[in-house]
1. Give the number of residues within the range 33-86 that are under 20 Å from residue 117 (Cα atoms), open to solvent by 70 Å² or more (accessible area, probe 1.4 Å) and free of Cβ contacts under 8 Å to residues at least 60 places away in the same chain.
2. Those residues that are closer than 23 Å to residue 90 by Cα, without any contact (Cβ under 8 Å) to a residue 12 or more places away in the chain and in contact with a helix residue (DSSP H, G or I) (Cβ under 8 Å, 6 or more places away or on another chain), I need them from the range 12-32; list them, please.
3. Within the range 166-175, can one find any residue that is at pLDDT below 90, over 24 Å from residue 63 (Cα atoms) and not in a helix (DSSP H, G or I)?
4. Any chance you could count how many residues in the range 53-74 are over 14 Å from the mean Cα position of the chain (by Cα), at pLDDT 85 or above and assigned to a loop (DSSP other than H, G, I, E, B)?
5. Answer with yes or no whether residue 191 is modelled with pLDDT of 90 or more and more than 23 Å from residue 101 (Cβ to Cβ).
6. Within the range 118-138, which residues are free of Cβ contacts under 8 Å to residues at least 60 places away in the same chain and open to solvent by 60 Å² or more (accessible area, probe 1.4 Å)?
7. Which of the residues spanning the range 92-117 are part of a helix (DSSP H, G or I), open to solvent by 40 Å² or more (accessible area, probe 1.4 Å) and not hydrophobic (A, V, I, L, M, F, W, C)?
8. Can residue 16 be described as at pLDDT 85 or above, at negative phi and open to solvent by 40 Å² or more (accessible area, probe 1.4 Å)?
Amino acid sequence: MAPGHVAYGMRASFGTSHVGPEHVIAWERGTHVPDAAEFTALAGALWCQPSELMGRPSTLLEHRIARGVSAEEVARATGLTLDAYLSMEQAGLWAGDKRQSVKLGEVLGLPARDFIAITRLEEELARLLTEAVSTRWQAHIRDIAKLVSMERRDLKGPLSTMHQEYQGLLAATLSRAGGTTASGEDGRRYVEDIVDHFWARLPGSTGA
């Protein structure tokens with residue numbers, strides 16, 4: 001399809017009367033980015049889903065567009081006013097309470113990893129995981145399961161493995177340092193990336 005054909009399809013079927021071939025060319029070249037309405041119309045004109053035109057969504061707006069859900073639907077599902085929801089979406093900062101966050105995850109079909117990122121719970125997850133690998137992971141599995149909305153039995157393997165990995169790094173550090181320290185660079189880096197280590201051990205958590 002030529003740019004003119006795409007622009008015509010958008011105008012004829014999706015009401016984006018302002019879109020011309022020059023818009024499509026600019027989007028293709030990456031000099032301009034379509035807004036939400038234009039992006040949805042573009043996907044329709046190309047006979048594909050919005051998610052097929054974007055990489056892995058990361059923002060609240062991108063998740064909504066990829067899911068094909070309107071802002072009004074999200075606001076209604078979460079019990080927010082439309083203005084309040086749009087304000088959060090534009091700022092890129094979700095500020096709903098726990099119940100509203102659960103509803104958001106449901107209406108957007110957010111996988112666990114995306115839900116944690118969107119609702120800004122990564123810091124809490126990192127804290128719990130760090131405590132789990134540095135002490136007894138069994139003592140923290142309940143809180144972690146509740147935070148990521150998973151069954152405890154599905155977390156036993158990943159947490160046990162992470163605990164062994166981290167303790168192994170500390171043991172290696174002690175060996176190299178003659179028993180004088182347990183805070184080596186390898187252990188520090190492991191903790192810095194602990195959330196990524198966690199998701200990597202949970203099949204299906206990437207949102208792919």
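1. 2
2. Listed by number, the list holds a single entry, 32.
3. Within the range 166-175, none of the residues are at pLDDT below 90, over 24 Å from residue 63 (Cα atoms) and not in a helix (DSSP H, G or I).
4. Residues flagged as over 14 Å from the mean Cα position of the chain (by Cα), at pLDDT 85 or above and assigned to a loop (DSSP other than H, G, I, E, B) within the range 53-74 amount to 2.
5. For residue 191, the condition - modelled with pLDDT of 90 or more and more than 23 Å from residue 101 (Cβ to Cβ) - is met.
6. Listed by number, the residues that qualify are 120, 123, 124, 127, 131, 135, 136, 138.
7. Of the range 92-117, the ones part of a helix (DSSP H, G or I) are 98-108, 112-117.
Still in the list and also open to solvent by 40 Å² or more (accessible area, probe 1.4 Å): 98-99, 102-103, 106, 113, 117.
Passing the criteria: 98, 99, 103, 106, 113.
8. On the way: at pLDDT 85 or above: yes; at negative phi: yes; open to solvent by 40 Å² or more (accessible area, probe 1.4 Å): no.
Answer is no for this residue.
The values are calculated or read from the model by the stated rules, or taken from the named source; none is laboratory data. All values reported here derive from a predicted model rather than from experimental measurement. Note that each Cβ is placed from the backbone with ideal geometry, even for glycine, and that neighbours are counted across all protein chains shown. Just the protein is used for accessible areas: all its heavy atoms, side chains included, with ligands, DNA and RNA removed. Shrake-Rupley method; radii C 1.70, N 1.55, O 1.52, S 1.80 Å.
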